[in-house]
Amino acid sequence: MSNLLSANFIRLRKNKCFWGCFLFMAAAAVYVPVMRCISVANSGYKERLDNGFFFGTLFVSILIAVFCGLFTGTEYSDGTIRNKLIIGHRRTHIYFSYLLTNVFAGLAMQAVYFVVFLCIGTPLMEPFSLNTKTLLCFIAIAVMLPTALSAIFTMLAMIISSKATVGVICVLSIFLMIIAGTYINFRLREPETYTNYSFTPEDGLREELEEKNPRYLEGTEREVYQFLYDFLPGGQVLQCSTLDSKNAPRLPVYSGIIFIISTAAGIIIFRQKDIK
Amino acid sequence: MEYVLKTNALKKQYRNYKALNGLNMNVPKGSIYGFVGKNGAGKTTLIRLLCGLQEPTDGEFSIYGINNRDKDIRKSRRRIGAVVETPSIYLDMTAEDNLKQQYRILELPSYDSINDLLRLVGLENTGKKKAKNFSLGMRQRLGIAVALSGNPDFLILDEPVNGLDPQGIIEIRELILDLNQKQGITVLISSHILDELARLATHFGFIDKGHIVKEISAAELEAACRKCIHLTVSDTSILSRVLDETGMEFTIISNTEAEIFGEISVTELALKLSAQNCEIKSMGERDEGLENYYINLVGEGARRYE
């Protein structure tokens with residue numbers, strides 16, 4: 001498999017889409033801390049590194065979808081995946097070579113954001129306010145999440161033979177995941193009660209009544225929503241970007257589970273796939 | 001005879017459609033095997049199975065004596081080079097980079113032979129031009145160069161001259177002949193262009209509805225294809241009377257045209273016709289050829305297709 005990986009990495013080194021994503025992440029890592037500092041410049045308040053350091057997770061999630069669809073989809077559109085099969089490479093090895101290349105690309109994008117952000121942000125901002133344990137936990141999420149997303153998009157790219165279709169599906173999927181995550185977050189944030197004001201027209205007295213919010217999630221339903229918010233990549237993207245997570249230590253584990261399930265499913269389907 | 005490829009009752013079914021239906025074929029070592037059949041006959045499906053892109057539904061095949069169910073089939077596939085339908089090349093890479101990619105996945109120790117390979121297919125001067133800017137013929141030749149990267153003993157080419165201009169067709173033909181005659185590479189070549197196949201192939205396999213209708217060598221085909229004399233005369237009724245007298249086999253095409261099979265004495269025939277005031281306007285030898293042989297073999301369906 002090493003020769004397949006080597007061929008993929010050489011192709012990656014010359015891939016315009018990869019370098020475009022890489023440069024975008026570097027530019028975002030300059031833009032975010034600078035803009036944050038400018039926005040609070042007149043208030044006398046100084047931003048901390050926490051604010052914006054994990055924003056890269058949101059960007060990288062979208063860019064991985066674009067990159068995996070195009071990079072792996074090219075193997076089908078140019079027909080070059082056939083060259084690997086014809087000369088007798090195992091399908092599992094071919095699958096893993098793309099998976100590892102895509103994971104590497106995703107992590108490289110994430111890494112460049114972190115490094116550039118620290119280089120620009122450290123002189124401009126206050127140090128991290130998070131304790132080391134929490135910081136490491138969020139770094140683990142930021143590493144595992146692109147890995148899990150790469151596994152999902154590699155699976156899609158390996159089982160859908162059309163580059164255009166897989167490109168669209170990957171990008172749509174990540175936006176749907178983020179929209180789903182936003183919706184679940186919105187439902188979880190519903191207040192348990194809300195205040196109902198009533199006015200008496202004659203004497204103008206105002207009465208405040210605390211009423212139960214019918215949209216508030218309770219019991220098993222709340223647990224299911226919370227689990228989905230923690231488990232699904234869209235929810236993880238939001239939690240990591242905003243540093244707001246109730247179950248942060250669980251998220252990397254969930255990403256690991258997503259990685260294993262999508263890779264296993266992808267390999268099973270790809271091994272049985274009729275390639276044209 | 002030693003065979004590079006043997007298939008036995010090979011079947012491939014896509015849902016309710018039987019693309020291959022008990023196909024038996026044998027490709028002799030050192031041959032150029034012309035694989036003839038109309039669209040949908042199963043040519044490309046067979047090639048996909050041989051290349052490991054798809055798995056057969058039933059039946060078996062062996063490449064260099066190794067059965068497709070044997071795990072060592074991967075080793076025998078290492079001896080194959082193939083261009084399936086379109087050339088498998090990275091369009092955003094140069095010819096040289098494409099070959100380097102193939103060398104890497106083949107784990108070849110050095111790139112030294114890349115220039116020779118590019119020279120062999122006539123792409124040595126393409127420099128930094130990317131494959132997406134190549135003509136169809138250049139892409140096809142690059143596809144063949146990629147297929148030749150591992151020094152294969154068996155080359156499979158699916159419709160290699162499709163869409164090429166006459167010059168491109170000649171170049172590909174010369175390349176295939178060169179590979180076969182100078183390097184001893186066995187070639188399995190599928191094509192619609194029967195005239196082109198007739199110039200190349202040493203053996204033919206005719207496929208229809210997913211099975212081989214006939215396998216024949218070029219020498220046997222030549223013997224089987226009857227030669228005839230095509231005549232244009234002023235009156236074929238006189239011609240038929242004269243030919244009946246001589247006991248020749250013939251076919252009347254129209255009032256003025258006929259075909260005579262077998263050896264004839266042209267002078268004798270001309271004198272006899274002249275004596276009955278029948279003028280010979282033109283005369284020429286015709287070869288039944290691969291096309292007619294194929295049509296006779298596969299039937300009217302093929303004629304409509306042609």
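The values are calculated or read from the model by the stated rules, or taken from the named source; none is laboratory data. Treat the numbers as computed from the prediction; the structure is a model and nothing was measured. Neighbour counts run over all protein chains shown; Cβ positions are idealised from the backbone, glycine included.
Those helices (runs of 4 or more DSSP H) of the range A:2-95 in which 1 or more residues are small (Gly, Ala, Ser) occupy A:2-13, A:16-39, A:50-53, A:56-77.
Residues that are over 17 Å from the mean Cα position of the chain (by Cα) and of a type in the set (Phe, Trp, Tyr) were ranked within the range A:19-32; the one that is surrounded by the most Cβ atoms within 10 Å (Cβ to Cβ) is A:Tyr31. Of all the listed residues (A:Phe67, A:Phe104), the sole one being at pLDDT 90 or above, crowded, with 23+ Cβ neighbours inside 10 Å and under 30 Å from A:Gly235 (Cα atoms) is A:Phe67.
For the range A:156-174: of the residues being farther than 25 Å from B:Leu91 by Cβ and in contact (Cβ under 8 Å) with a residue 40 or more places away in the chain, which is surrounded by the most Cβ atoms within 10 Å (Cβ to Cβ)?
Quick first cut of the range A:156-174, residues farther than 25 Å from B:Leu91 by Cβ only: A:172-174.
When the remaining residues are screened for being in contact (Cβ under 8 Å) with a residue 40 or more places away in the chain, the result is A:173-174.
Working: A:Ser173: 18, A:Ile174: 23.
The residue in question is A:Ile174.
Every listed requirement among (1) touching a Cys at 6+ places or on another chain (Cβ under 6 Å); (2) surrounded by fewer than 16 Cβ atoms within 10 Å (Cβ to Cβ) is met by A:Phe54 save one, (2). Every test in (1) part of a helix (DSSP H, G or I); (2) modelled with pLDDT under 90 is passed by B:Gln181 save one, and that test is (2). Of all residues in the range A:80-126, those satisfying the criterion of being facing chain B (nearest Cβ under 9 Å), free of Cβ contacts under 8 Å to residues at least 60 places away in the same chain and among the hydrophobic types (A, V, I, L, M, F, W, C) are A:Ile86, A:Ile87. Cβ-Cβ contacts under 7 Å between residues 6 or more apart (or on different chains), taken from a first residue in the range A:11-27 that is at negative phi to a second residue that is small (Gly, Ala, Ser), are listed as A:Leu12/A:Ala105; A:Phe18/A:Ala105; A:Phe22/A:Ala108; A:Met25/A:Gly56.
Filtering the range B:188-238 to residues that are assigned to a loop (DSSP other than H, G, I, E, B) and under 20 Å from B:Leu155 (Cβ atoms) leaves B:His192, B:Ile193, B:Ala201, B:Thr202. Considering every residue within the range A:194-212, establish whether at least one is surrounded by 14 or more Cβ atoms within 10 Å (Cβ to Cβ) and either touching a helix residue (DSSP H, G or I) at 6+ places or on another chain (Cβ under 7 Å) or closer than 30 Å to A:Thr80 by Cβ (or both). No, the range A:194-212 contains no residue that is surrounded by 14 or more Cβ atoms within 10 Å (Cβ to Cβ) and either touching a helix residue (DSSP H, G or I) at 6+ places or on another chain (Cβ under 7 Å) or closer than 30 Å to A:Thr80 by Cβ (or both). Can you find a residue in the range A:124-131 that is at pLDDT 95 or above and over 14 Å from the mean Cα position of the chain (by Cα)? So far as the range A:124-131 goes, no, none of its residues is at pLDDT 95 or above and over 14 Å from the mean Cα position of the chain (by Cα).
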